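Here's the structure, in structure tokens; my notes come after.
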Amino acid sequence: MRGSSNINVYSEYSGYFFTGFSVNNTFYVDTFYEDSIPISVTGTLAGETLVFNYNNTVGMWTASYDMGQLKSGKNILMVTTLYQNGEIFAKSYSINVLQAPKILLEIIRSGGINVDVSLGSASVLITFIAERTGYWNNSYLLIIDLDVSINLVRAQVDVPYIKGEYASPPLEFNLEFTLSSSGKFSVSGELSVEKEATLVSVPIFIQMSANAQGTFNVDFYEYTIELENIAVSISLSATGSYTLPTPLGISIQIGPYNINIGVTVEFVASVSGKVNIVFVSTDDRSKYFLRVLPVAPEELEGFVGLPFILTGQIGGGAQHGGRVGVWGWLQGACGFGTFLQLSSHPLKGYALAGAVRAGITVNLVAKRWSSVINLWSGSHINGDVSGEDLENLKGSINDVATLYDYPPLGFDWINDSWTGIVGENLPNGYSYTSIEYENKTYIYYTYERLDGSAWIDGLIFSKLNASPAPLPKFSGAGVASPFLFKLTNGTPIMFWATAPTLGDLSNLTIILQSSQMQNGVWTNPVNVTNEGIVWAYTSDGKHIYVIWSPNLASNLYSNTILKVFGINGSLLWEKALPNATALKGAVNGKVIVGFLNGTYSIVSAEEAINIGPVTEAGIIPETDLMYIYAEGILRIFNQTKSIEIKLDKTYAWPIVAYKKVAIVTYTPEKLELYIWNDSTSIKLREYRISNVTAISASSAKGVLYLYPYSFKDESMGTMWCLIVPLVAPKPLVYIDVHEDKATIRWEIRDPEQYNITSIELAVYHDIDLISTKEVGSMGTEVINLNQTGTYTFKVRVKTLLGEEIVQKTIEISQNWLMLHLLIICIVISIVTVLAIIFYQKHKVPKLPSLPPPPPPQLIITYILSSSHLYT
């Protein structure tokens, strides 16, 4: 056998190969010996024989080999060529093979298929990428993509008021291992998915994001790659409003009454959590993560907490009628937590903790009772949950409760404000009302007198100014729950509940009275009813609808009757409706009735249509529209058409003002105002007001007035006024002309209130546009008036709801222009003459040999003549 100087060996891929990873590599052999061609080319590698075949395309001998079969270390390919004359030549070629990390070898041994176990799953995808980079285009990448899902818990929890199914979402993360033939190695991962969880048997959706980073220790001398660690960070976030599947039933003894109430409850999920896990390699199979991956958690921080807020109301909502009787609220702060541990079995246990309470008031005008009851508080634990774990869960619940609790601020309405408080310490449960009349908005509400009885007061709002409203001539032991509407001719009418005398409960009477406004003054009250108990009332402008009982029953509402009167007070028809408690408005002979069990019906003389337990139902004042809000969807309808608007808010109340559909929404931490533009909702406002249970609205002169009511405790609350313009502001524009220039000044007051999108200043000469530019809410601009004709200055304000243009014009005539030019020339002449006189008085003496300067009068004559030429 001779030397190998006539053999060259090449490899399709150069650099490093990895044990266990199948890389089909082609070797190329180029030979030259006395213009002879070998009769055979063979090789040996790892004890195997390779037979090379001649490839005419490349003009070399080629053979392929799966490099994943090689052991770690330096491997030698020995190539031998045999010629016809018996000559044999040989040459060796070195191959470096690294020992792949154990976690990757385990994945390879599993065949790269999905592995599912009871604790979770590991889904693997192996990708071979030939980068074809470098000078010879002969490098490659191996990418191993590993998706890991850690199953948590799904449990049926039986606790009062919030029993049902609870499930935490599986924790998921992605790991991407990259092995490069150039000797670069990395592990990282990113994942963003939406996963489903369950609270109180209601599916909710949680946004989950995960990031991973890992570290390799590489020893090229020992041909090893060891995984040092992998750090995984998983974040969870969710915010959304949901309706509990069935109304909650509350039984309460308050005053002399035992009352059973059904409450439709909304809950708001507010998830914000993080779980951090650090994995390290392990050889102990009992510690394999998910029983299949040779890594074990070394560090673990955080837990999967799903806190949520409960909110419910009894007798609240939009104010489309008056009412007395039972009113209340429900609140809860709870959370479901899943706890993890440092183990191959990551689930440690779960817990449900929290508190649910309700505040109930019975308002009977001359008397009232209030109470707060704790419906449930405590915890339900399963597994090895420790006291520290439970405290962590309670901490997350308290954080969310604090986040959603924004107590009312301020004291009394301050004129020139856009937001403020109409009244504080108002008794919970009584209804209030607002209406537009003569381009002003009137708001009437109930307050509590020193003797504990109820009385009515009111304000008139005109833009940002408030003043006392005129009152009817109230009488009796107490008056409460005013309700305003307009007759078909536009005349305002007020209804209210009156307790004529302060007697005991056995002979208590609450009657309905009314008054009309004529020339800004309320007429003398008239009785609509004269006996019994009036619980609720409303009107569609043609009829008066009243929930009435002949006397106080032991549970207040067992003997309620719907009575319908004409505007003149004559009884038209009546219908027994036991346990009817509220009237939410009426349209064209149909009235929406609320019942004690939390359900609603649309009732007319002919029929009663049950619409079931919904979050809200009512009418939109001064329209023929009704609405129902349930499961986050607002449905607005009449006899001929219907639209649905998806809002996903806790509560929603629609309003029509200036031919625009406005929607007020509420979640436990904020009140929001939207405008519906036939295809989407545009957000105008957000107010940090908590515990809102009712709202009234009216509009006047392009301004919407919102009056939300928020309770502070079981007895008292606060009424706000929120003023929102629905039309673009009219800018104040001034023009000052001085000589040949015009100065335009403009100002928009309170620009932040108008949702302005742009302000534009445009200048025209006759019909030609001279200039246009975007400007701020106030400023000045100077324009040269160098031509005769009409100059027009336009300030255009565009908002989300429309636009407003104010323009000013000035006329520049030929005489005006020449006059101003003459004045300019005269001024220049006078200044020049004064300058020459000054010069003559202070000039430096000249040498005698120099000629004298020209006479001053010649210069003056010339200048005057020049001025004369301009005239």
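When you go through (1) open to solvent by 60 Å² or more (accessible area, probe 1.4 Å); (2) under 30 Å from I675 (Cα atoms) one by one for I770, which number turns out not to apply?
Here I770 clears every test but (2).
Hey, does the stretch 499-512 have a residue that's of a type outside the set (V, I, T) and modelled with pLDDT of 95 or more?
Yes, that holds for at least one residue.
What are the residues in the stretch 230-253 that are farther than 24 Å from T338 by Cβ and surrounded by fewer than 17 Cβ atoms within 10 Å (Cβ to Cβ), if any?
Residues satisfying the conditions are T246, G249, S251, Q253.
Considering only residues that are open to solvent by 60 Å² or more (accessible area, probe 1.4 Å) and without any contact (Cβ under 8 Å) to a residue 60 or more places away in the chain, which ones fall in the stretch 367-393?
N374, S377, I381, D384, E388, E391
Anything in the stretch 351-366 that is part of a strand (DSSP E or B) and in contact (Cβ under 8 Å) with a residue 60 or more places away in the chain? List them, or say none. First the steps, then the outcome.
Applying the first criterion (part of a strand (DSSP E or B)) to the stretch 351-366 yields 351-363.
Matches in the stretch 351-366: L352, G354, V356, A358, G359, I360, T361, V362, N363.
Considering only residues that are open to solvent by 60 Å² or more (accessible area, probe 1.4 Å), assigned to a loop (DSSP other than H, G, I, E, B) and closer than 16 Å to N786 by Cα, which ones fall in the stretch 724-741? Break it down stepwise before answering.
Initially, the stretch 724-741 is screened for residues open to solvent by 60 Å² or more (accessible area, probe 1.4 Å), giving 727, 730, 734, 736-739, 741.
Next cut, assigned to a loop (DSSP other than H, G, I, E, B) only: 727, 730, 739.
Answer for the stretch 724-741, where residues must be open to solvent by 60 Å² or more (accessible area, probe 1.4 Å), assigned to a loop (DSSP other than H, G, I, E, B) and closer than 16 Å to N786 by Cα: just E739.
Could you check the stretch 219-273 for strands (runs of 3 or more DSSP E) lying wholly inside it with 3 or more residues that are closer than 19 Å to A197 by Cα?
The strands (runs of 3 or more DSSP E) meeting that bar are 224-243.
Which of the residues that make up the stretch 461-475 are open to solvent by 20 Å² or more (accessible area, probe 1.4 Å) and touching a residue at least 12 places away in the same chain (Cβ under 8 Å)? Steps first, please.
We begin by selecting, within the stretch 461-475, every residue open to solvent by 20 Å² or more (accessible area, probe 1.4 Å); these are 462-468, 470-471, 473-475.
S462, K463, L464, N465, A466, P470, L471, K473, F474, S475, listed by residue number.
For the stretch 188-204, check the following and say yes or no: at least one residue is over 30 Å from L244 (Cα atoms), part of a strand (DSSP E or B), open to solvent by 20 Å² or more (accessible area, probe 1.4 Å) and touching a Ser or Thr at 6+ places or on another chain (Cβ under 7 Å).
Yes, the conditions are met somewhere in the stretch 188-204.
Kindly establish whether E87 is in contact with a strand residue (DSSP E or B) (Cβ under 8 Å, 6 or more places away or on another chain), within 30 Å of R291 (Cβ to Cβ) and acidic (D, E).
It is false that E87 is in contact with a strand residue (DSSP E or B) (Cβ under 8 Å, 6 or more places away or on another chain), within 30 Å of R291 (Cβ to Cβ) and acidic (D, E).
Given (1) open to solvent by less than 10 Å² (accessible area, probe 1.4 Å); (2) at pLDDT 90 or above, identify the lone condition not met by Y445.
Y445 satisfies all of (1) open to solvent by less than 10 Å² (accessible area, probe 1.4 Å); (2) at pLDDT 90 or above except (1).
On the given criteria, is P408 under 26 Å from G321 (Cα atoms), at pLDDT 90 or above and either surrounded by 14 or more Cβ atoms within 10 Å (Cβ to Cβ) or in the same structural domain as M716 (by the TED database) (or both)?
The answer is no for P408.
Do the conditions hold for V372, that is, is it closer than 30 Å to T498 by Cβ and over 33 Å from the mean Cα position of the chain (by Cα)? Step through it out loud before you land on a result.
Details: closer than 30 Å to T498 by Cβ: yes; over 33 Å from the mean Cα position of the chain (by Cα): no.
No; evaluated as a whole, the condition is false for this residue.
Residues of the stretch 224-278 being of a type in the set (D, E) and farther than 30 Å from S370 by Cα, which ones?
The answer is E226, E228.
Just checking: which of the strands (runs of 3 or more DSSP E) contained wholly in the stretch 285-350 hold 2 or more residues that are open to solvent by 30 Å² or more (accessible area, probe 1.4 Å)?
Where strands (runs of 3 or more DSSP E) fall fully within the stretch 285-350 and carry at least 2 residues being open to solvent by 30 Å² or more (accessible area, probe 1.4 Å), they are 295-301.
If you scan the stretch 669-683, which residues turn out to be within 30 Å of G332 (Cα to Cα) and open to solvent by 10 Å² or more (accessible area, probe 1.4 Å)?
Within the stretch 669-683, E669, K670, Y674, S681, K683 meet the criteria.
Could you tell me whether any residue of the stretch 624-638 is without any contact (Cβ under 8 Å) to a residue 60 or more places away in the chain, closer than 26 Å to K542 by Cα, open to solvent by 10 Å² or more (accessible area, probe 1.4 Å) and among the basic types (K, R)?
Yes, the stretch 624-638 has at least one match.
Cβ-Cβ below 8 Å, separation at least six or inter-chain, first residue in the stretch 668-690 and under 22 Å from P307 (Cβ atoms) and in contact (Cβ under 8 Å) with a residue 24 or more places away in the chain, second open to solvent by 50 Å² or more (accessible area, probe 1.4 Å) and assigned to a strand (DSSP E or B): which pairs?
Here the result reads K670/E686; L671/E686, each pair linking the stretch 668-690 to a residue that is open to solvent by 50 Å² or more (accessible area, probe 1.4 Å) and assigned to a strand (DSSP E or B).
Just to verify a result, which residue in the stretch 31-68, among those that are among the small types (G, A, S) and either assigned to a loop (DSSP other than H, G, I, E, B) or not assigned by the TED database to the domain that holds I95 (or both), is least open to solvent (accessible area, probe 1.4 Å)?
G59
Could you list all residues from the stretch 12-30 that are open to solvent by 30 Å² or more (accessible area, probe 1.4 Å) and either modelled with pLDDT of 90 or more or assigned to a loop (DSSP other than H, G, I, E, B) (or both)?
E12, S14, G15, Y16, G20, S22, Y28, D30
Scan the stretch 589-616 for residues that are open to solvent by less than 10 Å² (accessible area, probe 1.4 Å) and of a type in the set (D, E, K, R) and report the count.
Residues in the stretch 589-616 being open to solvent by less than 10 Å² (accessible area, probe 1.4 Å) and of a type in the set (D, E, K, R): 1 in total.
Name every residue in the stretch 633-655 that is within 20 Å of A694 (Cβ to Cβ) and in a loop (DSSP other than H, G, I, E, B), in order of residue number.
If the condition is that a residue be within 20 Å of A694 (Cβ to Cβ) and in a loop (DSSP other than H, G, I, E, B), then L647, K649, T650 are the ones that fit.
Only one residue in A652, A586, A657, A580 is open to solvent by less than 60 Å² (accessible area, probe 1.4 Å), modelled with pLDDT under 90 and touching a Ser or Thr at 6+ places or on another chain (Cβ under 6 Å), so which one is that?
Being open to solvent by less than 60 Å² (accessible area, probe 1.4 Å), modelled with pLDDT under 90 and touching a Ser or Thr at 6+ places or on another chain (Cβ under 6 Å) holds for just one of A652, A586, A657, A580, which is A657.
Restricting to the stretch 652-685, name every residue that is over 18 Å from I620 (Cβ atoms) and more than 15 Å from the chain's Cα centre (by Cα).
S679
Can you pull out the strands (runs of 3 or more DSSP E) entirely within the stretch 484-564 that have at least 1 residues that are out of contact with any Cys (no Cβ under 7 Å at 6 or more places or on another chain), touching a residue at least 12 places away in the same chain (Cβ under 8 Å) and open to solvent by 20 Å² or more (accessible area, probe 1.4 Å)?
So the answer is 511-518, 543-549.
Which members of the stretch 160-186 meet the condition of being in a strand (DSSP E or B) and either basic (K, R) or surrounded by fewer than 23 Cβ atoms within 10 Å (Cβ to Cβ) (or both)? Quick ask: steps written out before the conclusion?
Just the residues of the stretch 160-186 that are in a strand (DSSP E or B), to begin with: 164-167, 171-180, 185-186.
Hits for the stretch 160-186 are G164, E165, A167, E172, N174, E176, T178, S180, F185, S186.
The values are calculated or read from the model by the stated rules, or taken from the named source; none is laboratory data. Since the structure is predicted, the reported quantities are computational estimates derived from the model, not experimental observations. With ideal geometry, Cβ positions are generated from the backbone for all residues, glycine too; neighbour counts draw on all protein chains shown. Only protein heavy atoms, including side chains, enter the accessible area calculation; ligands, DNA and RNA are left aside. Shrake-Rupley method; radii C 1.70, N 1.55, O 1.52, S 1.80 Å.
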